[in-house]
Amino acid sequence: MKNTFGQSLSVTLFGESHGPYIGAVLDGLAPGMDIDEDFIKHQLLLRRPSGRISTSRVEQDEYILASGVFNGKTTGTPLSILIPNTVQRSSDYENRPRIARPGHADYTASVKYHGYEDFRGGGHFSGRITAAIVAAGAIVIPALRKKNIMIGTHIKSCGGIKDRDFIDYQDDIKKLSDTDFPVLDDTKAFQIRQMMESVAKEGDSVGGVLETVVTGMCAGVGEPWFETVEGRLSYAMYSIPAIKGVQFGDAFDMVDKKGSEYNDSFCISGDHVETRTNHNGGINGGITNGMPIIFRCAVKPTPSIYKEQDSIDLKTKEEVKLKIEGRHDPAIIHRARIVVDSMTALTLYDMLAQRYGTDFFFGE
């Protein structure tokens, strides 16, 4: 099992849903970066469950910075984050038949690891592990902000209800950074919440589309062919449980248009180059062009539902009926957005450090 991504900055994830700890190790951080513990707590709070539209398992997400930090600054050596699991309920899984949950990794994990994987709550495949990603992202997001690079994600659509588009990027990103339900239009936010609660009462779940914008990225970051910005960000996004599709710019929305409609014409604005439109989402030839990076992620409906489903017993290989018990989210899209922000930040930090060197983020 490989659990590390990144080149100049590498991030390794560890832990299981019902184990004692989950966490992350960041190797390759610049020395002297400020560690804002209040910000880490804030980011983790945005990922935590919220009312009737989320699981009833509510971890406090107290964390330990076990290495790599001294006097509130990064040392440049590996930074390790430990997050205790304190609300496990392993009885939901122990002493029961090993039934593969449709939509989960139970079957594929059993095949790959020959049945030795910790299957409780999905083990290492659980969305619980994303708390470590959020904590890791909270280490680098302030460093990106010092370079005027801002990241924001909202629920673009959910259950057929569509949020408004980004209008003023800076104002919208600020609004999103302060809310646990990332919808820009307050009326649409109310409608989406109501729809999620209705789906939860049915014992079912719902997915949707997240839209992310990154402002302040300079032109010239990324490589052609195998290290494109789209490729690196997609690689990161697809590591997040439930992400099943990624689109940059207008992509599929414009495939039936002509080149004259899709191309982004260049112009000079003050002392720098811009494009009059941004159908390509801030990327040309796999390299940033200085315009906002815009992409969307398709989030599948939460696979754990309370309706009866067909499945198999992993031990006996017999067909069985499954009705899931325990604590599950009817929707995870509102919690997933901070994970998308965090993975975006870690990826861009890594690419910028590759382009300009680790001291690009030197804290002094």
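With a/c under 1.5 counting as rounded, go ahead and sort the range 256-364 into rounded, prolate or oblate using the C-alpha gyration tensor (a ≥ b ≥ c being the square roots of the eigenvalues; past the cut-off, prolate if a/b is larger than b/c, else oblate). It comes out prolate by the Cα gyration axes.
List the trypsin sites (Lys or Arg not before Pro) in the range 283-328 that DSSP assigns to loop (not H, G, I, E or B) and whose Cβ has at most 12 other Cβ atoms within 10 Å. Which are they?
307, 315, 317, 323
Taking the centroid of alpha carbons for each part, the range 332-353 and the range 250-304 are 19 Å apart.
Subtracting the Cα-Cα distance of residue 261 and residue 70 from their residue separation scaled by 0.36 nm leaves 63.4 nm.
Only one residue of 114, 18, 361 has its Cα farthest out toward the positive end of the dipole of the chain, where Lys and Arg carry +1 and Asp and Glu -1 on Cβ, and that residue is 114. Radius of gyration over Kirkwood radius for the range 274-335, both on Cα atoms: the Rg/Rh ratio is 1.33.
Can you bin the range 93-216 into rounded, prolate or oblate? Criterion: square roots of the alpha carbon gyration tensor eigenvalues sorted a ≥ b ≥ c, rounded for a/c under 1.5, prolate for a/b above b/c, oblate for the rest. Note, shape of the range 93-216 comes out oblate. Per residue, the chain reaches -8500 deg cm²/dmol at 222 nm when only DSSP H runs of four or more residues are counted, each adding -39500 (n - 2.57). Across the chain, Cα-Cα pairs farther apart than 35 Å form 26% of the total. Once the Cα atoms are used to define both axes, helix 333-356 deviates from the longest principal axis of the chain by about 50 degrees.
Values quoted throughout were computed directly from the atomic coordinates according to the rules given, and no laboratory measurement underlies them. In this text, all values refer to a predicted model and were calculated from it rather than measured experimentally. Using ideal geometry, Cβ is built from the backbone for each residue, glycine included, and neighbour counts are taken over all protein chains shown.
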